[in-house]
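Here's the structure we're looking at; comments come further down.
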Amino acid sequence: MIERLPSGNPRLDQILNGGLLKNSINLIVGVPGSGKTILSQQFAFHNATAESPALYLSTLSEPLDKILRFGETLKVFDPEAVRAGRVVYEDLGQVLGGNGLDHIAETVERYLKELRPGVVVIDSFRAFQAVSGDSTSFRRFLYGLTRLFSASATTVVWNAPYTRGQALDAAEFAVADGIIALDVKQIGARELRVMQVLKLRGSAYRSGEHAYRITDAGFDVFPRLADAINETRYELPDERSSTGIEPLDQMLGEGGYWSGAATLVAGPSGIGKTLMGLHFLFHGVEAGEPGILATFQENTTQLDRIARGFGWSFKKGGVSVLSRSVVDVYIDEWVYQLLDLIDETGAKRVVIDSLPDVMTAAADPTRFREWMFSLTQRLERAGVSLMMIVEVPELFELRRISEQGLSHLADNVVLLQYVQEGPELARAITILKTRALHHRPTVHRYEITEKGFVLGDVMTLPR
């Protein structure tokens, strides 16, 4: 089994199937500002030891003092490791500027013999191509340097300001064992940072684009939530999860939703969708099932006021709030925050308010559908009941639930709508779908009082 060089970020190592291959040559490419230097330093500091130090070689892209100055602002940068010689910075720029490629290999070989590093970073490798004069000279230099590193049993990280398309045509692509591409995509007025593994010789890895952020803690990566169908069998609980509204439980067949089921609640503005979610969560607390309200709609102050109006309190515990703005949100970053919060709190009920906001964050219908499929599958197998709220534009007659075909992912579908009765608007609820439960899709009147949802009699919708 090939040993790995971990990155220091567990989720990045998941993508790399454990990390970079040890004693290999790796290329990190990306547009300027995408974080190549930060990721390179993260690999260096995380793996540097007194016996196998990390050697960081700068070239002509940025002065060494500039790399150090900005590196010192990061938490991954350990000044003590530099003082103790576990991480050694050297500048190849002077050698390269004065003698071109002629003495680079000799200088690198001397460092390898003196320091015996376990990790070597060259930032940026493209400078060698710029001063080579012609492609033949560069390829000859590349071949010699590759042999030198291969013989030294060290893990090498080269970074270079190539786009992904340029990297595929670069000579370095052929000799590299692993290639990571970083990019900054423009989606409307927003920017999205994505990384992709283009090559990891002889090893599996997670394909596709994965979002990441750069913080003072270094690289924070969010693997794309795109799970294949899991065919392994698992136990389905026999318990029911009460909706928190007794007449609605009866409409669902004496007891509410199956535990671990996914429920879609659709309706227009002001109809009571969020309130139905709060009924579900706070009744869960009474039943010993912690819950999470994941919302893009209200902040915690607004939610406290809404809850108090119906006799509930977030401050008593049992219901956690994950409140985010749709501004600058990464859909995969958000879902990992949700999954981590489920693990931390032991939550058995989750309400997402609302799915159109998640669609906006996804910015891609296909991406949204695979994300929703993966999330519902994970929660169902974990026995976590999920309620998804969707706002629809029609006030009276609902012609469609969503444009993304979400209803097939839900075990239960609940429709809320207005019915005009003379000068007043009445509220109506219909259980459109319950998987593995007997129900009658009748239309019931309901009101919202200080006690929350109060169901009334069966009503007939006007034609």
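Answer yes or no as to whether residue 301 is at pLDDT 90 or above and β-branched (Val, Ile, Thr). No: the conditions fail for residue 301. Of the set (1) in contact with a helix residue (DSSP H, G or I) (Cβ under 8 Å, 6 or more places away or on another chain); (2) surrounded by 24 or more Cβ atoms within 10 Å (Cβ to Cβ), all apply to residue 15 but (1).
Evaluating residue 216 against the criteria (1) at pLDDT 90 or above; (2) exposed (fewer than 15 other Cβ atoms within 10 Å of the Cβ) leaves one unmet condition, (1).
Only a single criterion out of (1) at pLDDT 85 or above; (2) among the aliphatic types (A, V, I, L, M); (3) within 14 Å of residue 37 (Cα to Cα); (4) assigned to a helix (DSSP H, G or I) is not satisfied by residue 76, namely (4). Remark: pairs (first residue in segment 202-216, within 21 Å of residue 175 (Cα to Cα); second residue part of a loop (DSSP other than H, G, I, E, B) and of a type in the set (S, T, N, Q); Cβ separation under 7 Å; 6+ apart in sequence or on different chains) = 203/17; 204/17; 205/17. Annotation note: of 185, 199, the sole residue that is in the same structural domain as residue 25 (by TED's automatic domain parsing), modelled with pLDDT under 90 and basic (Lys, Arg) is 185. Figure legend. Inter-residue proximity from segment 3-18: first residues assigned to a loop (DSSP other than H, G, I, E, B), second residues β-branched (Val, Ile, Thr), beta-carbon distance below 6 Å, spacing 6+ or different chains. Indicated pairs: 9/221.
Residues checked against (1) part of a helix (DSSP H, G or I); (2) in the same structural domain as residue 175 (by TED's automatic domain parsing); (3) touching a residue at least 60 places away in the same chain (Cβ under 8 Å); (4) under 32 Å from the mean Cα position of the chain (by Cα):
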site	(1), (2), (3), (4)
50	no, yes, no, no
55	no, yes, yes, yes
60	no, yes, yes, no
82	yes, yes, no, no
95	yes, yes, no, no
109	yes, yes, no, no
120	no, yes, yes, yes
129	yes, yes, no, no
140	yes, yes, no, no
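For segment 297-321, the set of residues classified as under 30 Å from the mean Cα position of the chain (by Cα) and not in a helix (DSSP H, G or I) consists of 297, 298, 299, 317, 318, 319, 320, 321, listed by residue number.
On the stretch given as segment 384-439, residues that are at pLDDT below 85 and in a loop (DSSP other than H, G, I, E, B) total 22.
None of 193, 139 is buried (at least 18 other Cβ atoms within 10 Å of the Cβ) and among the basic types (Lys, Arg) except 193.
Any residue at all in segment 289-296 that is modelled with pLDDT under 95, surrounded by fewer than 18 Cβ atoms within 10 Å (Cβ to Cβ) and either out of contact with any Phe, Trp or Tyr (no Cβ under 7 Å at 6 or more places or on another chain) or part of a helix (DSSP H, G or I) (or both)? There is no residue in segment 289-296 that is modelled with pLDDT under 95, surrounded by fewer than 18 Cβ atoms within 10 Å (Cβ to Cβ) and either out of contact with any Phe, Trp or Tyr (no Cβ under 7 Å at 6 or more places or on another chain) or part of a helix (DSSP H, G or I) (or both). Just one residue in the set 244, 284, 260 is closer than 15 Å to residue 350 by Cβ, not in a loop (DSSP other than H, G, I, E, B) and not β-branched (Val, Ile, Thr); that residue is 284.
The set of residues in segment 227-281 that are within 30 Å of residue 211 (Cα to Cα) and not assigned by TED's automatic domain parsing to the domain that holds residue 376 comprises 227, 228, 229, 230, 231, 232. Within segment 340-355, the set of residues being surrounded by fewer than 17 Cβ atoms within 10 Å (Cβ to Cβ) and in a helix (DSSP H, G or I) comprises 340, 341, 343, 344, 345.
The values are calculated or read from the model by the stated rules, or taken from the named source; none is laboratory data. This structure is a prediction, so every number in the text was calculated from the model and none was measured. Cβ sites come from the backbone with ideal geometry, for glycine too, and all protein chains shown count toward neighbours.
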